[in-house]
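The values are calculated or read from the model by the stated rules, or taken from the named source; none is laboratory data. Treat the numbers as computed from the prediction; the structure is a model and nothing was measured. Note that we place each Cβ from the backbone using ideal geometry, even for glycine, and neighbour counts take in every protein chain shown.
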Amino acid sequence: MMRPWVRWVPAAAVPAVIATVVVAAPFAAGADSTLPPKSPAEVVALAAGSDELSFTGTVEQTSKLGLPELDLPGSPDRAALTQAIDLLTGTHTARVYLDGPDKARLQVMDELGERDVVRNGNDVWVYTFADNTAVHFTRPEAPEDKGQHDERVAPGEVATPADLAQKFLDAIDPSTEVTVGNDISVAGRPAYTLILAPETSGTLIESVSIAVDGATGLPLGVDITSNSQTESAFSVAFTELALEAPGSERFQPPNGATIQEETLPGHSGALPDYPPATGPEYFSDHDAHPGSVPSGWTISGTGWATVVGIEGRNAASALQGSPLLQAAEAVDGGRLISTALVNVLLTDDGRVFAGSVPLKVLLDVSASSGQ
Amino acid sequence: MSLVPVDGSAGELRASSGWALMASELSVLFRRRRTWAMLLALAAVPVLIAVAVRLSPSEVPPGRGPPFLDRVTQNGLFVAVTALVVSVPLFLPLTIGVVAGDTISGEAGLGTLRYLLVAPAGRVRLLIVKYVGTAAFCLAATLSVVTSGLVIGAALFPVGPVTLLSGDTIEAGESVVRSFLVAGYIMVSLLGLSAIGLFISTLTDVPVGAMAATIVLSVVSQVLNALPQLEWLHPWLFSHYWLGFADLLRQPVSWDSFGDNALLQAGYLAVFGSLAYGRFLTRDILS
């Protein structure tokens, strides 16, 4: 006859085995780094030469921007903005299919729903399962943009690590300190870590690390840390990646879907339909040079401490009734939407100032440009 | 069962008595009026949904009510999926809790546990048989929702090619296959809860207590899963992937959550299975 305590051995052993596996697994996975050493400039060049790839992958994006959980109303006219804000909170997973420069499909996998962006040349379909709508955007021909990433992506899109990394790489200037960190493994591929750190202390951003695939130079992940918190404020990285062209079929909107036709404006300088979001999209303005500033926009400061000001009637009306205002707190001279990476100041006279800078800088800029 | 054949080896006898025990357990389970009542109640969920949508004078606006509800009028095959979304959080765990909580404590409460153990089946075998019976009920429960949903949907609404979450369209035949895949996913999802119920059932002689405790745990797990402050805990909750069956309705099918879910449920089965083993084999059976 077995002693009674022997019967309890499995009950003790099973959790112990599970705990061991869970603790040991990450160490086993990250034990390979045999990339030849490279200088920061070489890694930047490697990443720059990675255009025009075809791949199939899964991307996970995590935002801890400190945005409060918003009670987002489901009114249709705000749907695009609501989605944009939703994408800046919590964790999202998306599948990305890229076939050459102008065919792409992105599937943002929501719980019990999905948002799809399908691009085929100048046709872009945005399908949202939740409300069964398909929006058909037609892009104007833009030959002068050759080689430059088109920022006017359809609303509600998750940036792939490559898109986002490209924006940062384009924006490297003397105010940025570029170093190469330890090699890491992203989606099972060994990668260089390129660390971009602002030399100024007048910004909320502590550093941006970009994982650059050792073999192809494709940016596999971007991680942004803030001065105000220890965990990363925003990160997007591949969890799976296969460097093979997806089998792409033409997207047909399903029967019964509500279909809207829209034409994306060219780079005419009009205020975008959707206010610039407080997050990664903001950084697309980092490299804005004065020649391309839309009317009513002002740029002050340089590099990481750039402040964008929007004046005139559009600025106030664009945010009117926006759920973002729920997140605003009252400060001297206006209201502040504060996140880990970006501060947005809405002044009482209807102007908007945004930048990765402390509130005091925004107040100074608003005071000096107001008179 | 009481006669030991002289020429039969003990191993053969144990094996055959195991299958006999399994057959008798399944036949007892599925001949109980309570089991049929629960399966019928589950089958009534899609019927209720379909009839309510059919009789409603106005269209369901998109984004209102449970997901997929607004698609029902366009395609009856969505009734099954809608009913699953509605059943997963409460109705299914409720019925699983009743069956799993009753496994051992029910026999103890009736005073039949002693007699079951007098037969040369052994306690381990009885635990396994009881667990397999619960798993069979999980399968029957999800199938009853899906089948009834497909039938009532096809009867009341037009049936045609189905739009997946991705906006791609598949033929009606393939969508039926996907519906049964979803049923399989949900059956797997419930295996962890079944193991928890089995363990709780070994703790007590009062079946109602074990049932209630199992059901309460399933609710607690879902509440915890909804709290953003506990995000680190979420991947460890047995209900975490319950609604992940939607990944089977994408194009192409995403198997990630299916694999994660199966692994998680296997972990729960291992932990609570071994706890039930420890408890059931060391306790004194008095009733």
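Kindly indicate whether residue B:186 is surrounded by 22 or more Cβ atoms within 10 Å (Cβ to Cβ) and in contact (Cβ under 8 Å) with a residue 40 or more places away in the chain. Working first, answer last.
Working: surrounded by 22 or more Cβ atoms within 10 Å (Cβ to Cβ): yes; in contact (Cβ under 8 Å) with a residue 40 or more places away in the chain: yes.
Here the answer is yes, as residue B:186 does meet what is asked.
Out of the residues in region A:200-228 meeting the condition of being in a loop (DSSP other than H, G, I, E, B) and among the β-branched types (Val, Ile, Thr), tell me which one is surrounded by the most Cβ atoms within 10 Å (Cβ to Cβ).
Initially, region A:200-228 is screened for residues in a loop (DSSP other than H, G, I, E, B), giving A:200-204, A:214-218, A:227-228.
Checking which are among the β-branched types (Val, Ile, Thr) leaves us with A:200, A:203, A:216.
Working: A:200: 15, A:203: 22, A:216: 18.
The extreme case among them is A:203.
For residue B:177, are the conditions met, namely being within 14 Å of another protein chain (Cβ to nearest Cβ), over 27 Å from residue B:102 (Cβ atoms) and among the aliphatic types (A, V, I, L, M)?
On the way: within 14 Å of another protein chain (Cβ to nearest Cβ): no; over 27 Å from residue B:102 (Cβ atoms): yes; among the aliphatic types (A, V, I, L, M): yes.
Here the answer is no, as residue B:177 does not meet what is asked.
Within region B:211-220, identify whether any single residue is part of a helix (DSSP H, G or I) and farther than 30 Å from residue B:286 by Cβ, and answer yes or no. Full working, then the answer.
Narrowing region B:211-220 to residues part of a helix (DSSP H, G or I): B:211-220.
Next cut, farther than 30 Å from residue B:286 by Cβ only: B:219-220.
Within region B:211-220 (the criterion being part of a helix (DSSP H, G or I) and farther than 30 Å from residue B:286 by Cβ), the answer is yes, since at least one residue qualifies.
Could you tell me how many of the residues in region B:139-172 are in contact with a helix residue (DSSP H, G or I) (Cβ under 8 Å, 6 or more places away or on another chain), in a loop (DSSP other than H, G, I, E, B) and either farther than 15 Å from residue B:71 by Cα or away from chain A (no Cβ under 12 Å) (or both)?
Matching residues across region B:139-172 total 2.
Given the conditions (1) within 25 Å of residue B:244 (Cβ to Cβ); (2) surrounded by 20 or more Cβ atoms within 10 Å (Cβ to Cβ), report the number of the one that residue B:126 does not fulfil.
Of the numbered conditions (1) within 25 Å of residue B:244 (Cβ to Cβ); (2) surrounded by 20 or more Cβ atoms within 10 Å (Cβ to Cβ), the odd one out for residue B:126 is (1).
Take the residues of region A:1-25 that are in contact with a Gly (Cβ under 7 Å, 6 or more places away or on another chain) and of a type in the set (A, V, I, L, M): which is nearest to the other protein chains (Cβ to nearest Cβ)? Spell out the reasoning first.
Looking only at region A:1-25, we keep the residues that are in contact with a Gly (Cβ under 7 Å, 6 or more places away or on another chain), and these are A:7-8, A:10-11, A:18.
With the extra rule that they be of a type in the set (A, V, I, L, M), the set shrinks to A:11, A:18.
Details: A:11: 4, A:18: 6 Å.
Ranking the candidates gives A:11 first.
Tell me whether region B:239-252 contains one or more residues that are in a helix (DSSP H, G or I), exposed (fewer than 15 other Cβ atoms within 10 Å of the Cβ), facing another protein chain (nearest Cβ under 8 Å) and not hydroxyl-bearing (Ser, Thr, Tyr).
Filtering region B:239-252 down to residues in a helix (DSSP H, G or I) leaves B:242-249.
Going one step further and asking which of them are exposed (fewer than 15 other Cβ atoms within 10 Å of the Cβ), we end up with none.
Scanning region B:239-252 turns up no residue that is in a helix (DSSP H, G or I), exposed (fewer than 15 other Cβ atoms within 10 Å of the Cβ), facing another protein chain (nearest Cβ under 8 Å) and not hydroxyl-bearing (Ser, Thr, Tyr).
List the helices (runs of 4 or more DSSP H) inside region B:42-122, counting only whole elements, that have at least 2 residues being hydrophobic (A, V, I, L, M, F, W, C) and under 21 Å from the mean Cα position of the chain (by Cα).
Details: elements: B:78-87, B:91-110, B:113-118.
Fully inside region B:42-122 and qualifying: B:78-87, B:91-110.
Residues in region A:61-78: is at least one within 25 Å of residue B:247 (Cα to Cα), surrounded by fewer than 19 Cβ atoms within 10 Å (Cβ to Cβ), away from every other protein chain (no Cβ under 14 Å) and at pLDDT 80 or above?
Checked region A:61-78: no residue is within 25 Å of residue B:247 (Cα to Cα), surrounded by fewer than 19 Cβ atoms within 10 Å (Cβ to Cβ), away from every other protein chain (no Cβ under 14 Å) and at pLDDT 80 or above.
Taking region B:53-73, which residues are farther than 22 Å from residue B:179 by Cα and polar (S, T, N, Q)?
Answer for region B:53-73, where residues must be farther than 22 Å from residue B:179 by Cα and polar (S, T, N, Q): B:56, B:58.
So residue B:66 fits all but one of (1) of a type outside the set (Gly, Ala, Ser); (2) surrounded by fewer than 24 Cβ atoms within 10 Å (Cβ to Cβ); (3) modelled with pLDDT of 95 or more; what number is the exception?
All conditions pass for residue B:66, except number (3).
So, of the residues in region A:104-117 that are part of a strand (DSSP E or B) and at the interface with chain B (Cβ under 8 Å from one of its Cβ atoms), which turns out to be surrounded by the fewest Cβ atoms within 10 Å (Cβ to Cβ)? Please lay out each step first, then the result.
As a first pass, look at region A:104-117 and keep what is part of a strand (DSSP E or B): A:104-110, A:113-117.
Still in the running and at the interface with chain B (Cβ under 8 Å from one of its Cβ atoms): A:107, A:109, A:113-114, A:116.
Values: A:107: 25, A:109: 22, A:113: 17, A:114: 25, A:116: 25.
The residue in question is A:113.
Given the structure, is residue B:177 without any contact (Cβ under 8 Å) to a residue 24 or more places away in the chain, closer than 28 Å to residue B:278 by Cα and part of a helix (DSSP H, G or I)? Quick ask: steps written out before the conclusion?
Values: without any contact (Cβ under 8 Å) to a residue 24 or more places away in the chain: yes; closer than 28 Å to residue B:278 by Cα: no; part of a helix (DSSP H, G or I): yes.
Judged against the criteria, residue B:177 is not a match.
Within region B:221-238, count every residue that is out of contact with any helix residue (DSSP H, G or I) (no Cβ under 6 Å at 6 or more places or on another chain) and in a helix (DSSP H, G or I).
Residues meeting the conditions: 8.
Any residue that is in a loop (DSSP other than H, G, I, E, B) and within 12 Å of another protein chain (Cβ to nearest Cβ) - is there at least one of those in region B:271-285? Walk me through it before giving the result.
So in region B:271-285, the residues in a loop (DSSP other than H, G, I, E, B) come out as B:283-285.
Of the ones still in play, those that are also within 12 Å of another protein chain (Cβ to nearest Cβ) are B:283-284.
Within region B:271-285, one or more residues are in a loop (DSSP other than H, G, I, E, B) and within 12 Å of another protein chain (Cβ to nearest Cβ).
Being within 20 Å of residue B:268 (Cα to Cα) and surrounded by 17 or more Cβ atoms within 10 Å (Cβ to Cβ) is the requirement here; does residue B:134 meet it? Explain how you work it out, then say what you get.
Working: within 20 Å of residue B:268 (Cα to Cα): yes; surrounded by 17 or more Cβ atoms within 10 Å (Cβ to Cβ): yes.
Answer is yes for this residue.
Search region A:340-371 for residues being over 17 Å from residue A:300 (Cβ atoms) and at pLDDT 85 or above, and hand back the single one that is farthest from the chain's Cα centre (by Cα).
Checking each candidate, the answer is A:340.
Name the one entry in B:92, B:84, B:165 that is buried (at least 24 other Cβ atoms within 10 Å of the Cβ), touching a strand residue (DSSP E or B) at 6+ places or on another chain (Cβ under 9 Å), in contact (Cβ under 8 Å) with a residue 60 or more places away in the chain and under 30 Å from residue B:56 (Cβ atoms).
Values: B:92 fails: touching a strand residue (DSSP E or B) at 6+ places or on another chain (Cβ under 9 Å); B:84 fails: touching a strand residue (DSSP E or B) at 6+ places or on another chain (Cβ under 9 Å).
The conditions single out B:165.
Report, ordered by the first and then the second residue, all pairs with beta carbons closer than 9 Å, sequence separation of six or more or different chains, a first member in region B:261-287 that is within 26 Å of residue A:3 (Cβ to Cβ), and a second member that is hydroxyl-bearing (Ser, Thr, Tyr) and in a loop (DSSP other than H, G, I, E, B).
B:287/B:112
Taking residue B:266 as meeting all but one of (1) surrounded by fewer than 19 Cβ atoms within 10 Å (Cβ to Cβ); (2) farther than 17 Å from residue B:100 by Cβ; (3) within 11 Å of chain A (Cβ to nearest Cβ), write down the number of the exception.
Every listed condition holds for residue B:266 apart from (2).
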